[in-house]
Every structure is written in C-alpha cells, then in structure tokens.
Number of protein chains: 2
Amino acid sequence: MDDYEAQLRASVFKALADPNRLRLLSIVRSSEGGEACVCDLTEPLNLGQPTVSHHLKILVDAGLLHREKRGTWAYYSMVPGAIERTTGLLESL
Amino acid sequence: MDDYEAQLRASVFKALADPNRLRLLSIVRSSEGGEACVCDLTEPLNLGQPTVSHHLKILVDAGLLHREKRGTWAYYSMVPGAIERTTGLLESL
DNA sequence: CACCTATATCGATGATTGTCAATGTATGTG
DNA sequence: CACATACATTGACAATCATCGATATAGGTG
C-alpha cells in the first residue's frame, strides 16, 4: 500500500476515531426514517450545538453521512454502503 | 450505544487513524510467515526506529498486533481475528 | 568482561484536535 | 420589516499526538 492510499484510508478511520462521532452514527442509523437533525443530537451527546455540527461535518467529509437541508432543518442520514465500503478498507489491508 | 462502549470502539479506530500504522499492518500481513521485525519496517516507512516502535506499541495495545520476542528481535504479527472483530465494531453501530 | 545490535523508553517540540462562546447565515412567522 | 429558530462558522484554548534525538535495556558474541 502506497502512502497516498494509506492517507486516504486513514482519513476515514480518523473520522471514526472519536466516541461522540460513533454515537452520532449510531443514533442517526437507529433513528426513524434513518435520519436525524442537529437539534435531536445535541441532547443525547450532552454537547453544544456548534460541537455537534463540527462532528457531523467531519462525518460528511469522510463520506459516511449525507446532509440534506429541508427548510430550517438539516437532516443527516447514513450514506448507503458506507459501512460496507469502510469494512472493505480493513479487509483489503 | 453508551459512552463507555463508544470510547472502547473509538480507541480501536484511533489506532487505525494514521497512515503509517495502516502501512505497518499491511506490511506485517503480507510479510512471509505473517510476521516482521522492527528493522524490516523502518526503511519502507521512512521513519526512525523509535517512531516505528511507538506505532507498533499502539497497534499492540489496540489488540491488532501481537508481539513476540525471539532473541534480540521483536516479531510482530496480526492477532488472529482482529480484522473481523474490528469490522464487527462497524457493522453493529 | 567489553562490545555490538535490536528494540524500548524518555523528553521535547510542532501540529492536530475536541470543545466552547460568540457571531454569522438562512429560513420561517407575525 | 422585526423576530425567532436551526444550523454553520470563527476564534481561542487545552489536550492529544506524531516525530525526532538521546538514552536505556537486553541479548548475542568475542
């Protein structure tokens, strides 16, 4: 594996390397409709809204979460196949 | 997922969240005999020996690598089932 | 014992990161 | 328009981390 490929894969695991981000993914995935807005996520994590938005951005940038704005709300949902794609990064090490 | 479980899982992904550590796993896994010593690993990564030892320790602490000392050398190999266990951490999010 | 080699540990340093308070932006409502 | 709400962005700070040079440890060899 060359350095470029290693950095690419590491960037995904970096997004997963925080307990609060793992909890965000878990909550989004188990939410009804498979989506949740920021206001639903601040309270269970006991974090401020800017911090939650920051974590969500990292997960979106990593290709794990999808962001869709409807009205005033921003709804986050899992990117289809993201988990499988990530496990593939491990299995093909 | 509670905070404790999230921290436990995040600690594994933290070990994977570095390109050089991913390359270490890749090299160890593809080495003949499934093991490699530190001296085989410093050159392909272009890192100093203390830095490589440091990364290896992190991978051992995460339960991904196994360390076996034979003579002056320390041989590192994948922990059997470690990859599968880690992908399980993702699939059960 | 003295010496060399392989590896681990320590201390320091620059870079990255998680968090918060404050502020900005955009959408909806009266 | 004025105001409230939901969210994003900015700036700052403390904590963590990756890396290196120096040093310690431990095993092998003469």
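A Cβ-based charge dipole, computed about the Cα centre of the protein assembly as shown with Lys and Arg at +1 and Asp and Glu at -1, lands at about 240 debye.
Could you tell me the relative contact order of chain B? Use alpha-carbon pairs under 8 Å, at least six residues apart, and round to a whole percent. In percent, rounded to a whole number, it is 29.
The string of couplings for the stretch A:10-19 from the Karplus curve (6.51, -1.76, 1.60, θ = phi - 60°) is 4, 5, 5, 5, 4, 5, 8, 8, 9, x Hz, one whole number per residue in order, with x for Gly and Pro. Please give, to one decimal in nm, the separation of the simple spin-label points placed at B:Asp3 and A:Lys69, each 7 Å out from Cα toward the Cβ. Label at B:Asp3, label at A:Lys69, 3.2 nm between them. Among A:Leu65, B:Leu90, A:Leu41, the order by Cβ neighbours within 10 angstrom, fewest to most, reads B:Leu90, A:Leu41, A:Leu65. Report summary: the helix-based calculation at 222 nm, which adds -39500 (n - 2.57) for every DSSP H run with n ≥ 4 and divides by the residues of chain B, gives -19000 deg cm²/dmol. With the convex hull of the Cα atoms taken as the outline of the protein assembly as shown, the averaged projected area works out to 11.3 nm². The residue among A:Ala17, A:Ala82, A:Pro44 whose Cα reaches farthest toward the positive pole of the charge dipole of the stretch A:3-91, with charges on the beta-carbon of Lys, Arg, Asp and Glu, is A:Pro44. Annotation: average projected area of chain B is 6.3 square nanometres, based on the convex hull of Cα atoms across all directions.
Remark: the stretch A:3-91 carries a charge dipole of roughly 160 debye about the Cα centre, counting +1 on each Lys and Arg Cβ and -1 on each Asp and Glu Cβ.
Lys and Arg at +1, Asp and Glu at -1: add these up for the other residues within a Cβ distance under 13 Å of B:Val28 and post the number. If you can, show how the numbers build up before the last one.
Working: positive: B:Arg21, B:Arg23, B:Arg29, B:Arg67; negative: B:Glu32, B:Glu35, B:Asp40, B:Glu68.
Charge balance in the 13 Å sphere: 0.
Residue by residue, the stretch A:22-31 carries 3J(HN,Hα) couplings of 5, 5, 4, 4, 4, 5, 4, 5, 9, 6 Hz when phi is fed to the Karplus relation 6.51 cos²θ - 1.76 cosθ + 1.60 (θ = phi - 60°); x denotes Gly or Pro. Inter-part distance, the stretch B:71-89 to the stretch A:1-67, computed on C-alpha centroids, equals 27 Å.
Read-outs: derived from the displayed coordinates by stated rules, not from any lab. Being a predicted model, the structure only gives us computed values, none of them experimental. Cβ coordinates were reconstructed from backbone atoms using ideal geometry, including for glycine residues, and neighbour counts include every protein chain displayed.
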